[in-house]
Amino acid sequence: MGTATKEPATAPASTKPTKSFRLRGVSVSVFENSAKTKDREVTFHKVAIQRSYRDSDGEWQNTTSFGRDDLPVLGLLLKQAWQHILEIEASRGKDDSDEE
């Protein structure tokens, strides 16, 4: 079993996901990041996955360890996250071409 971690009480606004997908205690969150390379701002996406469960005291915990039955759910949510990122990138491409 993986190590459980509690979420911080308050998270800075910049670390909030742009979109989260959840099903049966499993969540996939998409984060937008940016970096400057060669005088240009580049936007890219990262994905975080976790599973929520209640510990023996009834407190909610999160883990990045998944069981056999979590894998199909995780696969479905990862596919949704991937499609979401592709849609964002496609709309950005259209926006960029509109400005030229």
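Each reported figure results from applying straightforward, stated rules to the coordinates on display, with no laboratory input. Since we're looking at a predicted model, the values are computed, not measured. Cβ atoms come from the backbone with ideal geometry, glycine included; neighbour counts cover every protein chain shown.
Put a dot 7 Å past the Cα of LYS36, heading toward its Cβ, do the same for ASP55, and the two dots end up 4.2 nm apart.
If only the Cβ of Lys and Arg carry +1 and only the Cβ of Asp and Glu carry -1, the dipole of region 13-99 around its Cα centre is close to 220 debye. With 0.36 nm allotted per residue and the present C-alpha distance subtracted, the SER91-ARG24 stretch has 21.1 nm of extension available. Please list, by residue number, everything in region 33-51 whose backbone N is under 18 Å from a paramagnetic label point 7 Å out along Cα→Cβ of LYS16. Correct set: 33-34, 46, 48. Ordered by the count of other Cβ atoms within 10 Å of each Cβ, fewest first, THR15, THR64 give THR15, THR64.
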